[in-house]
Amino acid sequence: MKPVEQLRQSMRKDRQWSFMYSMLDLDLDVSQGVILYLEDVSVSFDGFKAINNLNFYVNAGELRCVIGPNGAGKTTMMDIITGKTRPDTGSAYFGRTIDLLRLSEPEIAALGVGRKFQKPTVFESHSVFENLELAMAGDKRVFPTLFARLSGEQRDRIHEVLGIIGLQEQTQREAGALSHGQKQWLEIGMLLMQDPHLLLVDEPVAGMTHQEMDRTAELLLSLEGKHSVVVVEHDMDFVRSIAKRVTVLHQGSVLAEGSMDEVQNDPRVVEVYLGE
Amino acid sequence: MGVASVMRGDKGGQAMLAVLLVVAVVVPILNLVVPESSPWHVSTYTVTLLGKYLTYALLAVAVDLVWGYLGILSLGHAAFFGLGGYAMGMYLMRQIGDRGVYGHPVLPDFMVFLNWSELPWFWQGFDLFWFAALMAILVPGTLAFVFGYLAFRSRVTGVYLSIMTQALTYALMLAFFRNEMGFGGNNGLTDFKDILGFDLKSDATRIGLFLASAGALALGYLACRWIVTSRLGRVAVAIRDAEARTRFIGYRVDRVKLAIFTFSAMLAGVAGALYVPQVGIINPGEFSPLNSIELVIWVAIGGRATLYGAVIGAILVNYGKTYFTGAFPEAWLFALGALFVIVTLFLPKGIAGLVGMIRTWRRSRSPAGSAAEAAP
């Protein structure tokens, strides 16, 4: 590039300098009704295309299920949204304005993207209450954390979330002593404590009993409208019980999208799931 | 925040501080007031030995803070201890003045011996006690900050981090062995005369240093308790148990680690600065990787993540070391090894966990006890 051209580029009015980025407005803009935009995203690991030209949109307040065979790129997609993996090409926007590809994991979390891992991970040696306290939205820098005290309001908020996830009885129990299902709910509660706009939930019912599954379905449905939720799940019965819109991923891109019935009757989906 | 709220629920720590207070009152009396002929007399040698153990205990508390609560197994904490010790040693060297063997008014003996004509720049200011004391905290703190900044930002964890801390202390040892470094080479700094104008050989000065060590241990302990009972302390344990999860709920894991690691290094520096005037020498051997490993063993034996366990471990192991190296010098390393194996196999929570184990065992033995437990 010639120097003149370089200068012209840097004088462009819409130019965003990375060092000014922290000064930019990081307010979530969902005026178009869409909270998450993934466009033309590709990522490969050692030549294997985990995500291939993926286009994926989530509406604000929507509960979306993502299904797909193993290796379809579901977890990689979550990694990209939360900043753990950087795509080779493509863009990822949170609302209309926030470029997720420029932010670190804690910054993305602070903006209101909560993620639940496949394997339940809670802080085992802390009580249920303390788990929620640590996850609470607020100033998470070192010194404010050192001097942090719980206010009455925050205490109320923790008890409210304890009610939503149904763990009031276990408030003071060590999280390590909870059952598998209870840990999953506690982890969802920890996400809720962050007042997230977007919740990414990876296989919430793996290893659950039927009662626990029903309870989890209720929990996720109760979040719809207040939060946007993306659920990745293998269990078809569970998906049918909660899903309005389903996205099918296959070999790193979207194969089909629509209601559960539409998707299930789509011949391409049938082929991917049954043809092998 | 008051002492009471920090110490709430920490029974072991309360007992430890109470014992420390009693020792700090009784030992000086037994040394200074009780005549030497009495069997109750505590010799100045013992006072100094106890003071040395207390500085080790403070060092062990610093290690327990990062290992027990934050999950960082630092195998180089003796480096921070050594640096604090060198800062104090430099002050004590400057205090010798013209009383050295060569009688030079400013230069310490080893510099005269090396034919140096003037004091190197990094020795300036060490004739002032406050400056040396500040450096005893700032130098280890700065090293820990720079090291930690690079290591934690790159997310180096686990055994790799431990190896790097070993390399750090080993590199310092090799550097300090060199005469050109200007820290006395392999002889280190020694032959100290006085501190703040008090003769280092007098009983009263020894008692003063002993009390300063006890005070530093108590304050350091309370500071660590304050950190571990704060929300930051809970974040530290969260990092230890599930680092990725902590990052995803929005904590800057690297910054938390950096802050606590740096604080711990500063505590270790204070311990080193109190150690040197009591033992009367500091040399590069303090940076030996083995020292850092031994120090981790104290904490493991005392009981990880309890803080007071570190104090118990440091004092017991060092008492054992003093006894064994006097009585059976060849047996000490075997005894230390055996102790470590026994504790790892039978006392996973260390000596601090023993109380809980005995309680559980007695409850399971007496049916009346278990019935009483079950009744309410």
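Some notes on this structure:
- Amide H contacts for A:I35 (H built 1.01 Å from N in the peptide plane; partners 5 or more residues away or on another chain; cut-off under 5 Å): A:V58, A:N59, A:A60.
- For the range A:106-200, the Kirkwood estimate of hydrodynamic radius, built from reciprocal distances between every pair of different alpha carbons, is 13.5 Å.
- Contact order for chain B, expressed relative to its length and based on alpha carbon pairs under 8 Å spaced 6+ residues apart, stands at 30 percent.
- Neighbour count of at most 11 Cβ within 10 Å plus DSSP loop: longest GluC sites (Glu not before Pro)-free window in chain B: B:119-376
- If you run the Gaussian network model on chain B, springs between alpha carbon atoms under 10 Å, then out of B:F192, B:F183, B:F328 the most flexible one is B:F328.
- Column: log10 I(q)/I(0), Debye, Cα scatterers of the range B:274-327, q = 0.31 Å⁻¹: -1.08
- Accessible surface of the protein assembly as shown, 1.4 Å probe, proportion on carbon and sulfur as whole %: 60 percent
- The mean count of C-beta atoms from other chains within 10 Å of the C-beta of residues in B:227-240, rounded to a whole number, is 5.
- Orientation-averaged projection of the range A:192-233 equals 3.0 nm² [convex hull of Cα atoms, one quarter of hull surface area].
- Semi-axis lengths (Å, descending) of the ellipsoid that matches the C-alpha gyration tensor of the protein assembly as shown: 57, 33, 21
- If R0 is taken as 22 Å, the Cβ-Cβ distance between A:Q264 and A:L221 corresponds to a FRET efficiency of 0.65.
- Counting only residues at least eight positions apart within a chain, or on another chain, there are no aspartates and glutamates with an alpha carbon under 16 Å from that of B:K11.
- Solvent exposure of the range B:215-324 amounts to 27 Å² per residue of accessible area, where only protein heavy atoms count and the probe is 1.4 Å.
- Size descriptors for the range B:100-155 (Cα atoms only): Rg and Dmax, in that order, 16.6, 52 Å.
- Volume per residue for chain B equals 184 cubic angstrom (convex hull of Cα atoms).
- Loop-located chymotrypsin sites (Phe, Trp or Tyr not before Pro) in the range B:198-227 (DSSP state other than H, G, I, E, B) with a sparse environment of at most 14 neighbouring Cβ atoms within 10 Å are absent.
- Counting Cα-Cα pairs of the range B:156-228 in 10 Å increments starting at 0 gives whole-percent bin shares of 16, 20, 31, 29, 5.
- Diffusion coefficient, µm² s⁻¹, Stokes-Einstein with Kirkwood Rh over alpha-carbon pairs of the range B:6-94 at 10 °C and 1.306 mPa s: 100 µm²/s
- Mean projected area of the Cα convex hull of the range B:29-161, taken over all directions, amounts to 12.7 nm².
- Kirkwood-based shape ratio for chain A, expressed as Rg/Rh from alpha carbons: 1.00
- GNM top mover of A:L100, A:L199, A:L178 - chain A, alpha-carbon springs below 10 Å: A:L178
- Accessible area per residue (1.4 Å probe, heavy atoms of protein chains only) ranks B:Y323, B:Y251 as B:Y323, B:Y251, with the largest value leading.
- Most to least accessible of B:R365, B:R99 (protein chains only, probe 1.4 Å): B:R365, B:R99
- A 1.4 Å probe run over chain A, with the rest of the protein chains in place, finds 49 Å² accessible per residue.
- The range A:161-276, Cα convex hull volume normalised per residue, Å³: 124 Å³
- Gain on full stretching of the segment that runs from B:L119 to B:D203 - 0.36 nm per residue minus C-alpha separation: 27.0 nm
- Computed as a quarter of the hull surface, the mean projected area of the alpha carbon convex hull for the range A:25-155 stands at 10.6 nm².
- Legend: residues B:R362, B:R234, sorted from most to least accessible area (1.4 Å probe; ligands, DNA and RNA excluded), read B:R362, B:R234.
- Computing Rg and the Kirkwood Rh from the Cα coordinates of the range A:135-189 gives a ratio, Rg/Rh, of 1.02.
- For the peptides B:336-342, B:73-79, B:273-279, B:54-60, the ranking by mean Cβ contacts within 10 Å, running from highest to lowest, is B:54-60, B:73-79, B:273-279, B:336-342.
- Projecting the Cα positions of B:F129, B:L222, B:L211 onto the charge dipole of the range B:126-225 (unit charges on Cβ atoms of Lys, Arg, Asp and Glu, taken about the Cα centre) puts B:L222 furthest along the positive direction.
- Accessible area buried at the A-B interface, both sides summed, 1.4 Å probe (Å², nearest 100): 2600 Å²
- Exposed trypsin sites (Lys or Arg not before Pro) absent: longest stretch of chain A, with sites in DSSP loops and at most 15 other Cβ within 10 Å deemed exposed: A:16-95
- Here is the size of the range A:232-276 from its Cα atoms: Rg then Dmax, 10.0, 27 Å.
- Helical contribution to [θ] at 222 nm, DSSP H n ≥ 4, -39,500 (n - 2.57), averaged over the protein assembly as shown, rounded to 500: -17500 deg cm²/dmol
- Using Cβ point charges alone (K and R +1, D and E -1), the dipole size of the range B:169-282 about the Cα centre works out to roughly 720 debye.
- Cut-off 17 Å (backbone N to label point 7 Å along Cα→Cβ of A:T209), residues of the range A:180-199: A:180-186
- Rel. contact order, % - alpha carbon contacts under 8 angstrom, at least six apart, chain A: 25 percent
- Using the alpha carbons alone, the radius of gyration of the range B:255-376 stands to its Kirkwood radius in an Rg to Rh ratio of 1.11.
- Of B:P39, B:P289, B:P105, the one that fluctuates the most in a GNM where chain B has Cα springs shorter than 10 Å: B:P39
- Note on the protein assembly as shown: with charges restricted to the Cβ of Lys and Arg (+1) and Asp and Glu (-1), its dipole about the Cα centre is near 1120 debye.
- With the charge dipole of the protein assembly as shown set up from +1 on Lys and Arg Cβ and -1 on Asp and Glu Cβ about the Cα centre, the Cα lying farthest toward the positive end among the listed residues A:M78, B:V6, B:V235 is that of B:V6.
- Alpha-carbon radius of gyration plus Dmax, which is the widest Cα pair, for the range B:193-338 in Å: 18.5, 58
The values are calculated or read from the model by the stated rules, or taken from the named source; none is laboratory data. Keep in mind that what you see is a predicted model, and the values were worked out from it rather than measured. With ideal geometry, Cβ positions are generated from the backbone for all residues, glycine too; neighbour counts draw on all protein chains shown. Accessible surface is based on the protein model in full, side chains and every heavy atom, while ligands, DNA and RNA are left aside. Shrake-Rupley method; radii C 1.70, N 1.55, O 1.52, S 1.80 Å.
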